[in-house]
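S.K.: Input: one structure, supplied below.
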Amino acid sequence: MKNRDIAEILSSLADILEITDQDPFRVNAYRKIARIVDDLPTDVADLVASGEITEIPGIGKGTAEKIAEYLSTGKIAAYEEAKKTIPAGLSELLSIPGLGPKTIGLVWRQLGVKSLAGLKRALRGRKILDLPGIGPKKVENIEAGVRAYESRSGRLTLGAVLPTAQEVVRALREIPGVEQADLAGSVRRWRETIGDIDVLAASGKPAAVIRAFTKLPLAEEVLAAGTTKASVRVAGALQIDLRVVKPAEYGAALMYFTGSKDYNIRLRGLAQDKGLKLNEYGLFSGTKVVASRTEKAVHAKLGLPLVPPELREDRGEVEAALAGSLPELVELSQVRGDLHVHSNWSDGGSTIPEVARAAKARGYAYVAITDHTKSLGIAHGLSIERILKQIEEIASLNRRLKGITVLSGTEVDILSDGRVDFPDEVLERLDIVIASVHSGFQQPRDRITGRIVSAIENPHVDVIGHPTGRLIGTRPEYDVDIERVMDAAARTGTALEVNCYHERLDLNDMNCRRAVDLGIPLALGTDSHHVDQLWMMELGVATARRGWVRAGSVLNTLPKGALLKRLGRLHRANPSS
DNA sequence: GCCGTTTTCGGCCCGACTGTTTTCAGTCG
């Protein structure tokens, strides 16, 4: 699938056109198409072959031809030509905060800056001060931008910052004069990674709120503080931006600061069509406010139901909302159990009774213990003898437990030849079998895809664990042909996991959407190695919601009996609970 | 580059902030 490659080329093309001062709307058109192609749940080659590609809003004849050209020749002539017009190291400079295309074009043409190293030399040499429109303050800003760019460690996973973000909102709501406070930005949309945390508050006394906010104990450093907004640094490197608005403007402001940018653009377009204007202060007819206090009211005046923040990415949700066909998304409260938890029998830190207690406290009806198997020696994977013993202990524990059932499961290794690590007679005795790849990540596409398809076709395998193997920001997915995996899963009825662990979220949102379209069942599991990690179910539910998943597609929204029946193992259901 | 019953040409989201300005350009979200 070439979607990602094509998206990167179109995005680079946009960078080049921007630096060479071409029509900004053309630049935006390419950026938008790059995003659309990257988000596509299907192989762009199929859409080109069928001619459906130009039916996607935003993609016209011109770009469709370029994509077709890439698919047949491996190159796009327009891009190859454009690349010759600027030095290769220039596009990188667009990532420096405070430095934009105009200034980059200026230092390149006037000073011969061709790269980050060249920019730093120009800053040191102070030649840059001779350029029109550049003064000492601007030089200072660019220097600070370069430092920030060089020191930043990339985006953090949502799961790594969410607890802090939620604590900040709680603290904010305690401040006198704060009427409402919520997370906004990419955290509220539950994007898998975030750059900083945006928080919004409503108050009639913004200055006092800002003062109190900057004095919160968790604020380690105050980066900026004005009358309506402030930025502080917490927990090391994490930046929190607070904005305070009037209560009457809260809904419009929350929409504005939640984004995404593309969603906001779409809604402003809808407003324009109605002769209205939408900004962060409200929806206006001339100077008269039409709606502003709540998100629901602003959406309603635009002819839309309230669109859940997880969907606000301009991936078709606006059209669906207008047509009244938004999906009813799965909710955390509908999840009746966690299907992927490790205990101290393998590499987990909690005992099985501790897991059961914590799962019950979360309101679950069941929880599956799915420890590793013997070939994963590093994780103390279970031998056949030990898994049989564990099955017995869990049965005994279930006889004592009230209000929760522990399911006997396994996360069985998919071996390098596609067989799994336990024989059928062992797998048959388990309530749930997850099969996962934990080795041979470097295998070529055919081989690793074939392994996973073999596991899918194994009648004892219920779920494929973390199907792409990626670790966000650490390890790319293995070279798996996810289309083939999904075709096999759809054919056999095998579930694919939405691994909820914050560094995995695998399947990701767009793959969830593809799976749902194909009718593939999904299994939510946290992959917890300690009871402190069970909360990450929230992250998986959010990922599923971002993938337009309804409760009906999620196995663990089923009651225990229906789940076990679905897994084909009703006869092994524990009769005592 | 994309798009369209006000349009096949002429638009394309909106405002704040900053720094350089003397009326505005660049950047950001």
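S.K.: Which numbered condition in (1) at pLDDT 85 or above; (2) more than 21 Å from A:Q22 (Cβ to Cβ); (3) away from DNA strand B (no atom under 12 Å from the Cβ) is the only one that A:Q110 fails?
M.R.: Against the list (1) at pLDDT 85 or above; (2) more than 21 Å from A:Q22 (Cβ to Cβ); (3) away from DNA strand B (no atom under 12 Å from the Cβ), A:Q110 comes up short only on (2).
S.K.: A further question follows. I need the full set of residues from the stretch A:121-142 which are out of contact with any Gly (no Cβ under 8 Å at 6 or more places or on another chain) and surrounded by fewer than 16 Cβ atoms within 10 Å (Cβ to Cβ), in order please.
M.R.: Correct list: A:R121, A:R124, A:G125, A:R126, A:K127, A:D130, A:P132, A:G133, A:G135, A:P136, A:K137, A:E140.
S.K.: Still on this structure: Among the residues of the stretch A:152-159, is any surrounded by fewer than 17 Cβ atoms within 10 Å (Cβ to Cβ) and part of a helix (DSSP H, G or I)?
M.R.: Within the stretch A:152-159, none of the residues are surrounded by fewer than 17 Cβ atoms within 10 Å (Cβ to Cβ) and part of a helix (DSSP H, G or I).
S.K.: When you scan the stretch A:195-212, how many residues do you find that are in a helix (DSSP H, G or I) and within 16 Å of DNA strand B (Cβ to nearest atom)?
M.R.: Of the residues in the stretch A:195-212, 4 are in a helix (DSSP H, G or I) and within 16 Å of DNA strand B (Cβ to nearest atom).
S.K.: From (1) without any contact (Cβ under 8 Å) to a residue 24 or more places away in the chain; (2) farther than 19 Å from A:P459 by Cβ, pick out the condition that doesn't hold for A:Q533.
M.R.: Condition not satisfied by A:Q533: (1).
S.K.: Return a yes/no flag: does the stretch A:39-46 have any residue that is farther than 30 Å from A:R514 by Cβ and not aliphatic (A, V, I, L, M).
M.R.: Within the stretch A:39-46, none of the residues are farther than 30 Å from A:R514 by Cβ and not aliphatic (A, V, I, L, M).
S.K.: Looking only at the stretch A:113-160, which residues are closer than 22 Å to A:T193 by Cα, aliphatic (A, V, I, L, M) and either more than 12 Å from DNA strand B (Cβ to nearest atom) or in contact with a strand residue (DSSP E or B) (Cβ under 9 Å, 6 or more places away or on another chain) (or both)?
M.R.: A:L156, A:L158, A:A160
S.K.: Mind counting the residues in the stretch A:234-278 that are more than 16 Å from A:L322 (Cα to Cα) and within 8 Å of DNA strand B (Cβ to nearest atom)?
M.R.: Selection size over the stretch A:234-278: 8.
S.K.: Looking at the stretch A:322-340, I want the residues that are polar (S, T, N, Q) and have a partner that is assigned to a strand (DSSP E or B) with Cβ atoms under 9 Å, at least 6 apart or on another chain. Which pairs are those?
M.R.: Pairs that qualify, where the first residue is polar (S, T, N, Q) and the partner is assigned to a strand (DSSP E or B), are A:Q334/A:V554.
S.K.: Now a separate question. Taking A:S72, is it without any contact (Cβ under 8 Å) to a residue 40 or more places away in the chain, closer than 30 Å to A:G547 by Cα and surrounded by fewer than 12 Cβ atoms within 10 Å (Cβ to Cβ)?
M.R.: It is false that A:S72 is without any contact (Cβ under 8 Å) to a residue 40 or more places away in the chain, closer than 30 Å to A:G547 by Cα and surrounded by fewer than 12 Cβ atoms within 10 Å (Cβ to Cβ).
S.K.: Can you tell me which residues in the stretch A:307-335 are under 21 Å from A:I56 (Cα atoms) and not in a loop (DSSP other than H, G, I, E, B)?
M.R.: Those that are under 21 Å from A:I56 (Cα atoms) and not in a loop (DSSP other than H, G, I, E, B): A:L311, A:E317, A:V318, A:E319, A:A320, A:A321, A:L322.
S.K.: Then there's this: Restricting attention to the stretch A:512-528, and to residues there that are closer than 19 Å to A:D38 by Cα, in contact with a Gly (Cβ under 7 Å, 6 or more places away or on another chain) and not β-branched (V, I, T), which single residue is surrounded by the most Cβ atoms within 10 Å (Cβ to Cβ)?
M.R.: A:C512
S.K.: Against the condition more than 8 Å from DNA strand B (Cβ to nearest atom), in contact (Cβ under 8 Å) with a residue 60 or more places away in the chain and not β-branched (V, I, T), how does A:K83 come out, does it pass?
M.R.: yes
S.K.: At least 1 residues that are surrounded by 23 or more Cβ atoms within 10 Å (Cβ to Cβ) and more than 28 Å from the chain's Cα centre (by Cα) in each: list the helices (runs of 4 or more DSSP H) lying fully within the stretch A:354-467 that qualify.
M.R.: Helices (runs of 4 or more DSSP H) meeting the threshold: A:384-400.
S.K.: Among the numbered criteria (1) basic (K, R); (2) assigned to a loop (DSSP other than H, G, I, E, B); (3) over 22 Å from the mean Cα position of the chain (by Cα), which one does A:R491 miss?
M.R.: Of everything listed in (1) basic (K, R); (2) assigned to a loop (DSSP other than H, G, I, E, B); (3) over 22 Å from the mean Cα position of the chain (by Cα), A:R491 misses just condition (2).
S.K.: Being within 33 Å of the chain's Cα centre (by Cα), on the phi > 0 side of the Ramachandran plot, at pLDDT below 90 and not in a helix (DSSP H, G or I) narrows it down to one residue among A:G98, A:G133; which is it?
M.R.: Being within 33 Å of the chain's Cα centre (by Cα), on the phi > 0 side of the Ramachandran plot, at pLDDT below 90 and not in a helix (DSSP H, G or I) holds for just one of A:G98, A:G133, which is A:G98.
S.K.: If the Cβ limit is 8 Å and pairs must be 6+ apart or interchain, which residue in the stretch A:232-250 that is more than 19 Å from A:I175 (Cα to Cα) and modelled with pLDDT under 80 pairs with which residue that is part of a strand (DSSP E or B) and not aromatic (F, W, Y)?
M.R.: A:L238/A:L156; A:L238/A:I197
S.K.: Let me ask something else about it. Looking at (1) under 30 Å from A:R293 (Cα atoms); (2) in a helix (DSSP H, G or I); (3) within 16 Å of DNA strand B (Cβ to nearest atom), find the lone condition where A:V168 falls short.
M.R.: Of (1) under 30 Å from A:R293 (Cα atoms); (2) in a helix (DSSP H, G or I); (3) within 16 Å of DNA strand B (Cβ to nearest atom), only one is false for A:V168: (3).
S.K.: Provide a single number: the residues in the stretch A:4-61 that are within 11 Å of DNA strand B (Cβ to nearest atom) and buried (at least 21 other Cβ atoms within 10 Å of the Cβ).
M.R.: 10
S.K.: Can I ask one more? Got a number for residues in the stretch A:291-300 being buried (at least 19 other Cβ atoms within 10 Å of the Cβ) and more than 18 Å from A:G259 (Cβ to Cβ)?
M.R.: Residues that pass the stated criteria total 1.
S.K.: Which condition from (1) in a helix (DSSP H, G or I); (2) crowded, with 22+ Cβ neighbours inside 10 Å is the one that A:R484 breaks?
M.R.: Every condition holds for A:R484 apart from (2).
S.K.: Which numbered condition in (1) at pLDDT below 90; (2) surrounded by fewer than 13 Cβ atoms within 10 Å (Cβ to Cβ); (3) charged (D, E, K, R); (4) farther than 24 Å from A:D15 by Cβ is the only one that A:R170 fails?
M.R.: If we test A:R170 against (1) at pLDDT below 90; (2) surrounded by fewer than 13 Cβ atoms within 10 Å (Cβ to Cβ); (3) charged (D, E, K, R); (4) farther than 24 Å from A:D15 by Cβ, just (1) comes out false.
S.K.: Quick one: count up the residues across the stretch A:86-96 that are surrounded by 14 or more Cβ atoms within 10 Å (Cβ to Cβ) and within 16 Å of DNA strand B (Cβ to nearest atom).
M.R.: Number satisfying all stated conditions: 7.
S.K.: Which of (1) part of a helix (DSSP H, G or I); (2) at pLDDT below 90; (3) in contact with a Lys or Arg (Cβ under 9 Å, 6 or more places away or on another chain) does A:T103 not meet, given it meets every other one?
M.R.: A:T103 satisfies all of (1) part of a helix (DSSP H, G or I); (2) at pLDDT below 90; (3) in contact with a Lys or Arg (Cβ under 9 Å, 6 or more places away or on another chain) except (2).
S.K.: Restricting to the stretch A:171-194, name every residue that is away from DNA strand B (no atom under 16 Å from the Cβ) and of a type in the set (D, E, K, R).
M.R.: Scanning the stretch A:171-194 gives A:R173, A:E174, A:E179, A:E192.
The values are calculated or read from the model by the stated rules, or taken from the named source; none is laboratory data. As the structure is a prediction and not an experimental result, all values here were calculated from the model. Here the Cβ is made from the backbone with ideal geometry for all residues, glycine too, and neighbour counts use every protein chain on show.
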